[in-house]
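To start, the structure itself, in structure tokens.
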Amino acid sequence: MKKLYKSNKDKMICGVCGGIAEYFGLDSTLIRLAFALFSIIGGSGVLAYIAAAIIIPSEY
């Protein structure tokens, strides 16, 4: 069973986008673009990133 973790290999700030990309098998750049777009459009991307950084455990 796959688990969602913050990435230690593909990280820029906290590893949230890298971890989500690894979980879904996507390129981390696409996830980062999505967070950036959500941040620009309504500001919800920043809140979602902060919440994910707190909630998602680190990869061991």
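The values are calculated or read from the model by the stated rules, or taken from the named source; none is laboratory data. What you see is a predicted model, and the numbers here were worked out from it, not measured in a lab. Neighbour counts run over all protein chains shown; Cβ positions are idealised from the backbone, glycine included. Areas reflect the complete protein model, heavy atoms only, side chains present, ligands, DNA and RNA absent. Shrake-Rupley method; radii C 1.70, N 1.55, O 1.52, S 1.80 Å.
Brief remarks on what is shown
- Of the labelled figures (1) 33, 22, 21; (2) 25, 25, 18; (3) 27, 19, 19, only one reflects Cα extents along the principal axes in Å as derived from the coordinates, namely (1).
- Percent carbon-and-sulfur accessible area, the chain, ignoring ligands, DNA and RNA, probe 1.4 Å: 69 percent
- Overall, the chain carries a charge dipole of about 100 debye about its Cα centre when +1 sits on the Cβ of Lys and Arg and -1 on the Cβ of Asp and Glu, all other atoms neutral.
- Residues whose amide H comes within less than 5 Å of that of Lys6, counting only those at least five positions distant or on another chain, are Ser58, Glu59 (H built at 1.01 Å from N in the peptide plane).
- At least 18 Å along the helix axis (C-alpha) and Kyte average at least 0.5, DSSP helices within the chain: 28-41
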